[in-house]
Every structure is written in structure tokens, then in C-alpha cells.
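A short write-up of the structure that comes next.
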Amino acid sequence: MRWQGRPESDNIEDRRYGDGGYNDGPGGGFPFPGGGGFQIPMGQGGLGGGGIVGLLVIVGIALLLGVDPRVILGGGGGGGGMEMPGRQIQMPRGAPSGVASNPADDTLKHFVAVVLRDTEVVWDKQFREMGRNYIPPKLVLFRGSLQSGCGMASAQMGPFYCPTNRKIYIDLSFYDLLKRRFQAPGEFAQAYVIAHEVGHHIQNSLGTLGKVQQMQAASAGTQKNALQVRVELQADCYAGVWAKNTGRINNTLEPGDIESALKAAEAIGDDAIQKSARGYTVPDSFTHGTSGQRMRWFKKGYDEGTISACDTFADRT
């Protein structure tokens, strides 16, 4: 992916060097099971030697993420959310005096800023063609943990979008996890993660998230999960729309980039994650879609390059 030396977004909030105890209110909660973020497998073979400690860790992470623990453990059921009232506190930008920055981490920060800027260019054009004004999200970089507008954000949760304050949260250590555990290396795989979370912002901006929340409130557990799958697949499709258009507008794509994104989509399918964690799958508990579905919808968005291609609610495949 061609990104070096290109314009960066101004909508980056660098909180990597805070102490993690800050609240990014106002309060609210994840309106969907899964919180619009990436799932993290808990290792090979389920709980392994962790016993009750491992179980508590999984349950704790699931509750922080707003996911029913059974989604990770392999059972059914929908998710909840957390109320986290608080106040807005400005975090420091960059490393404070006496704290050494990490060169590799700083390079990733610039990469993320370039990709976010690319999404702003693409979606501003798409919204103008619809006669709308695009207001881009903020993207918060952090280390360890902090209080987001949707509850606790931690490295173990993976990146997520918070519709309450329209911010994306990401601990850059997730990219190392993406490469090592998900076996999905490459810059464009990293860009796909950002584009997927921006996809949730597009849904929020178009009113889709609010409509789905109302539908989920009137639905049973498995139906709620099925609706959440459609939300996540649409965000994948929007990521594909971005990929197509950034290639046209910014000439950023290189050979192998789309394959890299598809490999990431395949690695983070619900079926792949559950097989890795438990050795079997429970389809009724899926909240993000199978590997095949995630690849298919990213590719559909890329092939057609339009928002209209991404009606995952009408197409149930």
C-alpha cells in the first residue's frame, strides 16, 4: 500500500501515553452485541490450562465488550451494554517529558492517520454525491486501557467504534496480534481494520445503527445476533467500497493489497474464531458473520464501489 509521505488526518487523538484512567464521556453503552469491534480469540483449544481463571478472564473481556460471554465460549445469546457516565478529559498528545516514544509505534500512528485521511476523502465524495455532508469520526490511539464513551476500552478488546461519541478506539498492539494470531500480515490488512470501523460510522451517520437497535429491542436472542451479523457485514462491504475508491482517487493500491484484506476478513470470521477457541462452531451465536460471508461482502463492496451495493439486510447470504 502506498502511504508514505501522503496527507494525514487531523482527527487523531493520541492518548498512548496517558495512564489509562481517563473517561471519554459522555456516558452511554454499546447499542449492539459486539460493540462494532473486532473479536479476539482466547487461544487454541478453548480454556486450555487456564481453568476458572481463564473462564473469568473470558467472561470479563466479554462483558467489557458488551458481548454475551456465551458468544466467545461457544453458546448462544445476544449481548448487552454498559452505562459509563463521566466527564470529558483532554489527554496529552505524544509522549510526555521523560517518556520515550516507540519508533515502530509512531510509524504505525502515521500510517493510521494516512488511512483515516483516505477514508475522509472517499466518504466525503460519496456523501456529496448523495447530497449529504460527511462529518468524519475521531480516532483515538491508546495503550493498555481507558474509559471510552461506550465503556472500558482495552487492548484485549480489539478496535471498535463508539456511536455515542462517534469515535474509533484502537490500541496499536492489536496489529501485532493481527499478524501473529490471526496470521493476517500486511499494511492493507491493517487498513481494512480501520475502514471497517469507519464503516460503522457510516452506518451511524446514515441512521442504520439506530434502526437496527430498535429492531433488536423487539427481537429474541438469536434474532438479535442475526441482525448484528448484518451490521458487521455491511461495515465490511463499506470497507470494500472505500478500498475501491481510494484506489481510484489516491492510487494507493499495490498488487496483493486486496488479497491481504480478504485474508484478514477470513481470519476474523465467527466460525474461524470459534473453531480456534473451542474446536467447534455454534452458528446461532455468531455476531460478525462467517469467514466466507465477510470475504464475500468486502469483495462485493470492492467490486461495485457504491453504498447501494451494501444492503446486507435485504440480501441474507
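So that you can scan it fast, the table gives a plain yes or no per residue for (1) touching a Gly at 6+ places or on another chain (Cβ under 9 Å); (2) under 22 Å from Q293 (Cα atoms); (3) of a type in the set (V, I, T):
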| residue | (1), (2), (3) |
| --- | --- |
| I170 | yes, no, yes |
| D176 | no, no, no |
| Q216 | yes, yes, no |
| T222 | yes, yes, yes |
| R230 | yes, yes, no |
| A239 | yes, yes, no |
| A243 | yes, yes, no |
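Note on the stretch 146-229: enclosed strands (runs of 3 or more DSSP E) holding 3 or more residues that are modelled with pLDDT of 85 or more and in contact with a strand residue (DSSP E or B) (Cβ under 7 Å, 6 or more places away or on another chain) are 160-162, 167-171.
Checked across the stretch 265-283, the condition of being touching a residue at least 24 places away in the same chain (Cβ under 8 Å), in a loop (DSSP other than H, G, I, E, B), touching a Phe, Trp or Tyr at 6+ places or on another chain (Cβ under 7 Å) and not aliphatic (A, V, I, L, M) holds for no residue.
Among the residues making up the stretch 258-274, a single one is acidic (D, E) and crowded, with 21+ Cβ neighbours inside 10 Å: D270. For the stretch 243-258, which positions are touching a residue at least 24 places away in the same chain (Cβ under 8 Å) and closer than 16 Å to G186 by Cβ? Selection gives A243, T246, T252, L253, E254, G256, D257, I258. Considering only residues that are over 25 Å from G207 (Cα atoms) and in a strand (DSSP E or B), which ones fall in the stretch 122-145? The answer is L141, F142, S145. When the stretch 238-275 is filtered for residues that are at pLDDT below 85 and of a type in the set (S, T, N, Q), the ones remaining, listed by number, are N250, N251, T252. Under the condition of being closer than 18 Å to L233 by Cβ and among the small types (G, A, S), the residues counted in the stretch 190-204 number 2.
The values are calculated or read from the model by the stated rules, or taken from the named source; none is laboratory data. Just so we're clear, the structure is a prediction, and the values are computed from it rather than from any experiment. Don't worry about glycine lacking a Cβ; one is built from the backbone with ideal geometry, like all the others, and counts go over all protein chains shown.
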